[in-house]
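The values are calculated or read from the model by the stated rules, or taken from the named source; none is laboratory data. All of these numbers come straight from a predicted model, not from anything done at the bench. Note: ideal-geometry Cβ built from the backbone for every residue, glycine included; neighbour counts use all protein chains shown. Ligands, DNA and RNA are stripped out before the accessible areas are found, and what is left, the full protein with its side chains, is counted by its heavy atoms. Shrake-Rupley method; radii C 1.70, N 1.55, O 1.52, S 1.80 Å.
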Amino acid sequence: MRRIMFTYFTSDPSSRALCSPMLLSTFSHFSLFHMAANMYVLWSFSSSIVSLLGCEQFIAVYLSAGVISTFVSYVAKMVTGRFEPSLGASGAIMTVLAAVCTKMPEAKLAIIFLPMFTFTAGSALKAIIAFDTAGLALGWRLFDHAAHLGGALFGMWYVTYGHELIWKNREPLVKAWHEMRTKNTGKGGGGRSN
């Protein structure tokens with residue numbers, strides 16, 4: 001199995017076959033309850049994250065988070081030998097939650113069924129990271145703890161460093177991408193010219 005996966009990761013034609021499921025898993029849920037819980041969290045934090053990043057940057061970060069958290073989940077499953085489905089939706093939601101909690105650590109949060117107990121966003125983020133780290137280390141199968149951790153770490157990194165490194169410098173990256181795609185179109189590389 002490891003030999004097949006190595007070939008899968010390294011062969012050029014299958015790069016599309018690897019990326020498509022990772023992107024599509026951003027919208028995958030295990031059950032109706034899983035989807036409802038994720039949508040509630042996304043709805044709760046969406047106005048804050050869109051205020052911080054703007055619509056376009058939010059969409060880019062959300063989709064990237066789904067791919068990154070799925071990849072982290074795949075790697076963790078390869079290391080542990082547990083080959084179960086990876087659903088990137090929770091990792092992408094965790095990115096949103098972590099980004100907001102990192103930027104607004106003193107914001108007050110509450111659990112939907114226990115609104116009388118409030119806590120800071122910073123404390124919530126620390127508790128979630130501790131829970132998912134314990135779950136990953138102890139092999140709990142309640143959630144995809146690796147995807148949650150990958151998403152949370154990506155969200156914290158992005159609002160701390162990524163915005164400056166990537167979004168504010170995106171124009172040269174986009175130009176280089178378009179130049180690369182234009183060159184590959186003439187060589188039969190499968191790229192499309194726009």
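Suppose the filter is touching a His at 6+ places or on another chain (Cβ under 7 Å) and either polar (S, T, N, Q) or at pLDDT below 85 (or both); does A176 pass it? Here the answer is no, as A176 does not meet what is asked.
Candidates S46, S69, S90: the one that is small (G, A, S) and farther than 20 Å from D132 by Cβ is S46.
Run down V96, V72, V50 and say which single residue is at pLDDT 90 or above, open to solvent by less than 20 Å² (accessible area, probe 1.4 Å) and either basic (K, R) or assigned to a helix (DSSP H, G or I) (or both).
Matching residue, one of V96, V72, V50: V96.
Of the residues making up the stretch 115-145, those that are open to solvent by less than 80 Å² (accessible area, probe 1.4 Å) and not in a helix (DSSP H, G or I) number 4.
When C101 is tested against (1) farther than 21 Å from G66 by Cα; (2) at pLDDT 95 or above, just one condition goes unmet, and that condition is (1). If we scan the stretch 104-115, do we find a residue that is within 26 Å of S28 (Cβ to Cβ) and of a type outside the set (A, V, I, L, M, F, W, C)? Within the stretch 104-115, not a single residue is within 26 Å of S28 (Cβ to Cβ) and of a type outside the set (A, V, I, L, M, F, W, C). For the stretch 99-114, enumerate the residues that are more than 19 Å from the chain's Cα centre (by Cα) and either of a type outside the set (D, E, K, R) or open to solvent by less than 60 Å² (accessible area, probe 1.4 Å) (or both). M104, P105, A107, L109, A110, I111, I112, F113, L114, listed by residue number.
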